[in-house]
Amino acid sequence: MKLPLGKIKAKTEQLYAHPLLSGDVINSIDALHVFMEHHVFAVWDFMSLAKGLQHHVCPSTTCWVPTRWIRSGAARLINEIVLSEESDIDMDGESSISHHDLYCQAMLEVGADPTSLEDFVNCVMTDGVRYALENMNVPAPSLRFMNRTFEFIDTGEPHIVAAAFCFGREKVIPQMFQHIADRLELSEVVAPKFHYYLQRHIEVDGEHHGPAAITLVETLCDHDPVHIHEAEQAAIEALEARIRLWNEVEQAIRNELPALRHN
């Protein structure tokens, strides 16, 4: 059974038309800082979705055992995505780096502060994600977004996690950042990590992974009409969560910029 894409595409178009993505809202280096200090949590969150999906499709165990998803290509696709997200090739062409760390380095390069995210991740490592979500100092829009993501993960349903993962991805981010870089004159010489992140984001989310991701969701639904419906709803809800995040980040930029300009 095919996943019905009509409502999902309509919601995606609504997301891509958001004022925040036009570059008109993020029109100064201060605005870029506010955006990145919120968005970095979504970068970490996306990697958590990827690992959650990998756990379902090709779980890590001491003794290898075959899973039903190997022949379908689902295991290969998610492993390819995790490989690039978790251990991509760094700028030197030799060492490895996660997209999370690459984004944090890009933040530092343009003057944004990744400390809140780093503190949050350290807390996750020592005390667990639930404690971190409840106790760490996280921007409210980012916290709401992450809580919604972990609701998807906590269902334990591969088709729901896959739908949130595949349709909640933000393919327009590289184009938005490129527009901002041009507007703020952040050249590749001035901000090489920033530009490298954009390049890798575009290459990883290339022509293959987009259509393959939809096939992945359909495969995990396993021709079950209930699963198809649940996946469609999860995709729409993931997109709505992203739209809400953008609404709230846009408001945060408008609220914080006057104070930043007077400091």
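The values are calculated or read from the model by the stated rules, or taken from the named source; none is laboratory data. Not measured: the values here are computed from a predicted model. All Cβ positions, glycine included, derive from the backbone under ideal geometry; neighbour counts span all protein chains shown.
Data overview
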read-out: Options Phe152, Phe120: the member that is more than 24 Å from Glu232 (Cα to Cα) and hydrophobic (A, V, I, L, M, F, W, C); value: Phe120
read-out: Residue tally, condition within 13 Å of Leu117 (Cβ to Cβ) and either touching a strand residue (DSSP E or B) at 6+ places or on another chain (Cβ under 6 Å) or among the polar types (S, T, N, Q) (or both), over region 27-51; value: 1
read-out: Checking Leu83 against (1) more than 17 Å from the chain's Cα centre (by Cα); (2) exposed (fewer than 14 other Cβ atoms within 10 Å of the Cβ); (3) hydrophobic (A, V, I, L, M, F, W, C), the condition it does not meet; value: (1)
read-out: Selection count where residues are modelled with pLDDT of 85 or more and either assigned to a helix (DSSP H, G or I) or small (Gly, Ala, Ser) (or both), scope region 160-197; value: 16
read-out: Residues satisfying the stated conditions in region 219-232, i.e. part of a helix (DSSP H, G or I), out of contact with any helix residue (DSSP H, G or I) (no Cβ under 8 Å at 6 or more places or on another chain) and not β-branched (Val, Ile, Thr); value: Pro225, His229
read-out: Qualifying residue in region 120-127 (condition: surrounded by 14 or more Cβ atoms within 10 Å (Cβ to Cβ), touching an Asp or Glu at 6+ places or on another chain (Cβ under 8 Å) and modelled with pLDDT of 95 or more); value: no
read-out: Region 170-201, residues that are crowded, with 20+ Cβ neighbours inside 10 Å, charged (D, E, K, R) and touching a Gly at 6+ places or on another chain (Cβ under 9 Å); value: none
